[in-house]
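The values are calculated or read from the model by the stated rules, or taken from the named source; none is laboratory data. Note that the structure is a prediction, hence the values are computed from the model and not measured. Glycine gets a Cβ as well: all are built from the backbone with ideal geometry, and neighbour counts include every protein chain shown. Side chains included, ligands, DNA and RNA excluded: accessible areas come from the protein's heavy atoms. Shrake-Rupley method; radii C 1.70, N 1.55, O 1.52, S 1.80 Å.
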Amino acid sequence: MFKRVCSVIVVLCTAAAAHAQERPPDYPKKPIRVIVGIAPGGGLDAMVRLGAQKLVERWGQPVIVDNRPGGGTVIAMEMVVQAVPDGYTLLGASETLMMNGVLKRAAYDVRTAFIPIAQLTTQPYVLVVHPSLPAKSVKELIAHAKSRPGALSYGSQGMGTTGHIGWERFNLMAGVNILHVPYKGAAPALIDVIGGQIHMTFSIIAATGPHMKTGKLRGLGLTGTRRSELLPDLPTVAEAGVPGFQVRNTYGYLAPAGTPQGIVRALAAVISQGMNTPETVKALAADGSEVVAPATPEEFKAKFNSEYATLEKLIKAINIKID
């Protein structure tokens with residue numbers, strides 16, 4: 001009996017200690033500001049606001065999302081790099097941050113200028129084509145593109161974006177030459193595919209689904225690592241003809257270098273736990289988004305550095321340069 005009571009006490013003390021580590025005693029004592037490098041309403045903005053909501057629910061302090069679009073998100077990045085590293089100024093970012101680093105858009109090494117805190121969600125794209133294109137599968141698209149080098153075109157959200165890099169990865173891995181048409185966002189590119197001005201693009205499930213149902217678009221593959229429950233009959237691009245191919249957008253929170261580790265861990269714990277509730281996971285899945293499994297800041301950093309190295313090799317291989 002005594003041993004059982006002691007065991008219970010140890011468990012309770014351990015749980016209490018773990019909970020205490022989630023929140024340093026003097027943090028947060030004022031509003032937290034999260035800077036986002038895009039205008040309100042985009043996928044990154046929505047996910048950052050959801051993460052902010054989890055912080056408010058747990059700690060009761062206001063979290064202000066400050067949208068500072070411009071410069072391909074470099075303006076927002078610069079604001080956070082120059083901020084006091086006290087946990088009250090954070091950055092909401094996507095893979096664009098890594099691209100800005102690899103493409104030398106930032107005047108510093110993003111791997112050391114920021115501390116990864118927590119990932120929020122990841123979202124695959126659908127490879128969609130205009131229905132006039134004879135290709136009914138990824139393999140048929142590749143064969144069609146090889147028979148007409150340089151005759152087909154794809155649209156992206158702009159130079160150096162996830163869509164642009166993803167398509168150039170497709171060109172490299174599939175051995176094709178599909179021409180790039182940059183736009184100022186994903187929506188204009190999708191509109192032009194529907195209108196037949198360009199042949200194809202990558203776009204999220206929420207945006208493409210309705211048009212695929214009406215026949216205005218044809219989906220050939222999903223760019224993630226597995227099929228989506230929303231489109232169970234649509235194979236991944238990897239299984240449909242380009243083994244190993246994947247491209248997705250992942251959103252996360254970062255802090256300026258020098259932010260105390262206790263604060264970083266506290267933020268990571270609250271954000272990851274909040275995002276991984278059954279209700280949140282279910283709600284986001286209905287939109288085609290997948291919540292990233294809980295991970296420590298160290299695990300996020302290791303993943304970040306690994307993906308950065310992979311992106312460096314890809315950019316070198318496809319020789320992309322951004323002025």
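The chain: D in µm²/s via Stokes-Einstein (Kirkwood Rh, Cα pairs, 37 °C, 0.692 mPa s)?
On the way: Rh = 21.0 Å.
It comes out at roughly 156 µm²/s.
Please report the spacing between the Cα centers of region 204-239 and region 88-123 in Å, no decimals.
28
Compute the accessible area per residue over the chain, keeping the other protein chains in place, probe 1.4 Å, unit Å². Write down the numbers at each step before the final one.
Values: 15080 Å² over 323 residues.
Counting only protein heavy atoms, the per-residue value for the chain is 47 Å².
In whole Å, what is the distance between the alpha-carbon centres of region 49-63 and region 160-178?
Measuring centre to centre over Cα atoms gives 38 Å.
Using the eigenvalues of the Cα gyration tensor, what equivalent ellipsoid semi-axes result for region 168-323 when each is taken as the square root of five times the eigenvalue, whole Å, largest first? Numbers along the way, then the final one.
Details: eigenvalues 191, 98, 46 Å².
Equivalent ellipsoid of region 168-323: 31, 22, 15 Å, largest first.
Which FRET efficiency, nearest 0.05, do R148 and I191 yield, Cβ-Cβ r, R0 35 Å?
On the way: r = 24 Å, r/R0 = 0.68.
FRET efficiency, R148 to I191: 0.90.
For region 155-237, what is the Kirkwood estimate of the hydrodynamic radius, computed as the reciprocal of the mean inverse distance between distinct Cα atoms, to one decimal in Å? Numbers along the way, then the final one.
Values: mean 1/r = 0.0755 Å⁻¹.
Every distinct Cα pair counted, the radius reaches 13.2 Å.
Would you calculate the volume per residue, in Å³, of the smallest convex hull containing every Cα atom of region 101-247?
Working: hull volume 17.8 nm³, N = 147.
Hull volume normalised by residue count: 121 Å³.
Report the gain in length on full extension from I75 to L172: 0.36 nm times residue separation, minus Cα-Cα distance, nm rounded to one decimal. All intermediate terms of the calculation are to be shown ahead of the outcome.
Values: separation 97, 0.36 × 97 = 34.92 nm, distance 3.11 nm.
That pair, I75 and L172, stretches by 31.8 nm at full extension.
So what's the projected area for region 93-186, the Cα convex hull averaged over all directions, in nm²? Write down the numbers at each step before the final one.
Details: hull surface 29.8 nm².
For region 93-186, the mean projected area of the Cα convex hull comes to 7.5 nm².
Rounded to the nearest 0.05, what FRET efficiency is calculated for K184 and E299 with R0 set to 30 Å and r the Cβ-Cβ distance?
Details: r = 35 Å, r/R0 = 1.17.
About 0.30, to the nearest 0.05.
Taking only DSSP H segments of four or more residues, each worth -39500 (n - 2.57), what value at 222 nm results for the chain once the sum is divided by all its residues, to the nearest 500 deg cm²/dmol?
After summing the helix terms and dividing by residue count, I get -14000 deg cm²/dmol.
Quote to one decimal, in nm, the extra length available between A39 and E57 on full extension: 0.36 nm per residue of separation minus the C-alpha distance between them.
Details: separation 18, 0.36 × 18 = 6.48 nm, distance 2.44 nm.
Length difference between fully extended and current span is 4.0 nm.
Provide Rg and Dmax in Å for region 210-297, with only Cα atoms included in the calculation.
Rg then Dmax for region 210-297, in Å: 17.2, 53.
How many nm separate the modelled label positions at A257 and R226, each set 7 Å beyond the Cα in the direction of the Cβ?
3.7
Whenever you get a sec, compute what percent of the accessible area on the chain sits on carbon and sulfur atoms (1.4 Å probe). Before the final figure, lay out each step's value.
Working: 8850 of 15080 Å².
Carbon-and-sulfur percentage of accessible area, whole number: 59.
State the extension gain, in nm to one decimal, for the chain segment bounded by Y108 and A317, taking 0.36 nm per residue of separation less the distance between their alpha-carbons. Kindly include the intermediate steps, with their values, before the conclusion.
Details: separation 209, 0.36 × 209 = 75.24 nm, distance 2.26 nm.
Between Y108 and A317, full extension yields an extra 73.0 nm.
Using Cα pairs under 8 angstrom and six or more residues apart, how large is the relative contact order of the chain, in percent? Don't jump to the answer; show the numbers that get you there.
Details: 593 pairs, mean separation 81.9, N = 323.
That works out to 25 percent.
Setting aside same-chain residues fewer than 8 positions from K139, which lysines have a Cα under 27 Å from its Cα?
K213, K216, K313, K316
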